[in-house]
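See below for the structure under consideration.
The values are calculated or read from the model by the stated rules, or taken from the named source; none is laboratory data. If you're wondering where the values come from, they're calculated on a predicted model, not measured in any experiment. Backbone-built Cβ (ideal geometry, glycine too); neighbour counts: all protein chains shown.
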Amino acid sequence: MNFLEECIQDSLPIWESCLNTKFLKGVADGSLPEECFKGYIVDDSLYLREYSKVFAWGMIHSRDMAEIRNYYSLLSFVNESEDATRRYYLKRYGITDEEIQPLPLRPENRAYVDSMLAAARDGEGAAECMMACLPCMLSYGWIFGELIRRSPGVENTPYWPFVRDYAGNRYDAICRAWAEFTDQACQDLAPERAKKCREIFRACSLHELHFWEMSAHPREDLPTSP
Ligand SMILES: Cc1ncc(CN)c(N)n1
């Protein structure tokens, strides 16, 4: 088992807990109130804005152009795929980007992005940056793959387009590319640095869990639909 696989194994029980949150159970059987999903989409749009800045720290610590190109391609995936989906939902809910950008991140969201930004800023390089970024990507691939396997009826819920995005070949291919880059970055880490990296990965998996728990509650500061 390589370093990243060990980190994933360590986080699997946390990802399993994510799957058992009220929010994801509601997604799976379609019972999630739309107001909760709306709040999630808003927080996640704000999250993706801050997440993009984590790559900026990765670039600052880069040692060569190949590394910078990697961050550039990760960032374009976040922007062109994930953020585009959120913009689609916001439009459907009649919420504009101008309305959400000044909104605060809810505390669990803020704590998550602050910890990723600090890990990437204070780390020595790509290993810390990728340990912070990866639970976000990999946990969704695992969670939504399992969700479909355990609750195939999700196909008939309003949340299917959202779920499908994370279970397709495209998302899987992107996750593999991110994992490959991470494997290179985490080769031959000194023991102290490896320990720190493991802690970052686990902490971010826990932040994922807190994000799902937070999302079971609607935001109360959203503009009301006309
Ligand atoms: C909070 C969170 N975590 C993960 C993902 C999926 N990349 C996301 N969009 N938002």
Q) Condition test on Glu50, is it within 16 Å of the ligand (Cβ to nearest atom) and either crowded, with 16+ Cβ neighbours inside 10 Å or closer than 22 Å to Trp178 by Cα (or both)? A) yes
Q | Scope segment 61-73; condition in contact (Cβ under 8 Å) with a residue 24 or more places away in the chain and away from the ligand (no atom under 16 Å from the Cβ); matching residues | A | His61, Ser62, Arg63, Glu67, Asn70
Q) What number of residues within segment 177-196 are over 21 Å from Ser62 (Cα atoms) and basic (Lys, Arg)? A) 1
**Q.** Single residue of Arg219, Arg164 found to be farther than 25 Å from Ser62 by Cα, of a type in the set (Lys, Arg) and modelled with pLDDT under 95
**A.** Arg164
Q.
Among (1) without any contact (Cβ under 8 Å) to a residue 60 or more places away in the chain; (2) surrounded by 15 or more Cβ atoms within 10 Å (Cβ to Cβ), there is one condition Asp97 misses while meeting the rest; what is its number?
A. (2)
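Consider segment 129-160. How many of its residues are of a type outside the set (A, V, I, L, M), touching a residue at least 60 places away in the same chain (Cβ under 8 Å) and within 16 Å of the ligand (Cβ to nearest atom)?
First, pick out the residues of segment 129-160 that are of a type outside the set (A, V, I, L, M): 129, 133, 135-136, 139-142, 144-146, 149-153, 155-160.
Then keep just the ones that are touching a residue at least 60 places away in the same chain (Cβ under 8 Å); that gives 129, 133, 135-136, 139, 142, 146, 150-151, 153, 156-159.
Those still in the list that are within 16 Å of the ligand (Cβ to nearest atom) too: 129, 133, 135-136, 139, 142, 146, 159.
Selection size over segment 129-160: 8.
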Q.
Please go through (1) of a type in the set (S, T, N, Q); (2) touching a residue at least 40 places away in the same chain (Cβ under 8 Å); (3) within 16 Å of the ligand (Cβ to nearest atom) for Ser76 and return the number of the only condition it doesn't satisfy.
A. (2)
